[in-house]
1. Name the residue, out of Pro86, Pro109, Pro41, Pro60, that is more than 16 Å from the ligand (Cβ to nearest atom) and over 17 Å from the mean Cα position of the chain (by Cα).
2. Please name all residue pairs, on different chains or six or more residues apart, with Cβ atoms under 6 Å, provided the first residue is in the range 185-208 and is open to solvent by 10 Å² or more (accessible area, probe 1.4 Å) and the second residue is among the small types (Gly, Ala, Ser) and part of a helix (DSSP H, G or I).
3. Looking at (1) within 16 Å of the ligand (Cβ to nearest atom); (2) surrounded by 18 or more Cβ atoms within 10 Å (Cβ to Cβ), can you tell me which one Gly13 breaks?
4. So, in the range 16-38, of the ones that are small (Gly, Ala, Ser) and more than 14 Å from Val56 (Cα to Cα), which residue ends up nearest to the ligand (Cβ to nearest atom)?
5. Determine which member of the set Asp124, Asp166, Asp130 is acidic (Asp, Glu), at pLDDT 95 or above and crowded, with 16+ Cβ neighbours inside 10 Å.
6. Between residues in the range 1-27 that are at positive phi and residues that are part of a helix (DSSP H, G or I) and within 14 Å of the ligand (Cβ to nearest atom), which pairs lie under 7 Å by C-beta distance while being six or more apart or on different chains?
7. In the range 48-103, which residues are over 27 Å from Gln189 (Cα atoms), open to solvent by less than 60 Å² (accessible area, probe 1.4 Å) and of a type in the set (Gly, Ala, Ser)?
8. Within the range 93-109, identify whether any single residue is touching a Cys at 6+ places or on another chain (Cβ under 9 Å) and on the phi < 0 side of the Ramachandran plot, and answer yes or no.
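The values are calculated or read from the model by the stated rules, or taken from the named source; none is laboratory data. The shown structure was predicted, so the numbers you read here are calculated from the model rather than taken from an experiment. So basically every Cβ, Gly included, is an ideal-geometry build from the backbone, and we count neighbours across all protein chains shown. Note: accessible area is taken over every heavy atom of the protein model, side chains too, but ligands, DNA and RNA are not part of it. Shrake-Rupley method; radii C 1.70, N 1.55, O 1.52, S 1.80 Å.
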Amino acid sequence: MSQTTLAIMVSGGGSNLQAVIDAIAAGELSWRIGLVLSDRPECGGVQRAIAHRIPVCAIPYPPRATAVQREAWEQRALGVVRAFAPDMVLLSGFMRILSAETLNSISIPIINQHPALLPADGGDTYELADGRVIPALRGAHVVADALRLRIPMTGCTIHYVVPEVDRGPVIATHEVPVLPDDTEESLHQRIRTAEQRLLVRTLAKTDF
Ligand code: GAR
């Protein structure tokens, strides 16, 4: 198996990053993680990368960043990503929106994990396996939205990143039921577990 290099961008705890680390160690994936890049030096994802001796770069994102600061951050981040010459970038709980200019200047695939179900047609609804139709949840609060809207099922999606937020071509989805006594935390925890499996399966099987 030839090894292809992944750059993983994180802002949070990094449980999905850990799933990739573990799957590589178990011989389930032929990828190698060449770089972990973060906007939050103190986040769990950075700590996991350090613990596993993965090259890591944390560039703090200025609070209430202006457009100029945002562009400067993205340029620095792009420079670091390019230096590690990955074959693909994975946004794994990376909570910043990258500008169209930045996205258009990256010639390798960029994929994102989203903790809700997104439709293949880019529309505003998602048809569940049993035929029921739910709203497509986009943005940064989709787990809370699933509870607020009392939808019976939510899930996770892996998709290509395009400038239109959460509207890129869908690669894989997995449904997760919303339980009557779910809190945002309990639901997100079950979604994360599903995401970890879906991510490893997708990285193993998909020809990007
Ligand atoms: C995951 O649920 C991922 O889908 C979500 O952040 C979580 C990261 O968990 N991403 C987004 O919401 C992106 N908008 P982790 O840090 O434990 O892997």
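1. Of Pro86, Pro109, Pro41, Pro60, the one residue that is more than 16 Å from the ligand (Cβ to nearest atom) and over 17 Å from the mean Cα position of the chain (by Cα) is Pro60.
2. Note: pairs meeting the criteria are Arg192/Ser15; Gln196/Ala19; Val200/Ala19; Val200/Ala23.
3. Unmet for Gly13, out of (1) within 16 Å of the ligand (Cβ to nearest atom); (2) surrounded by 18 or more Cβ atoms within 10 Å (Cβ to Cβ): (2).
4. The selected residue is Ala19.
5. Unique residue meeting the criteria: Asp166.
6. Gly14/Gly44; Gly14/Gly45; Gly14/Arg48
7. Ala65, Ala72, Ala77, Gly79, Ser99, Ala100, listed by residue number.
8. No, because not a single residue in the range 93-109 is touching a Cys at 6+ places or on another chain (Cβ under 9 Å) and on the phi < 0 side of the Ramachandran plot.
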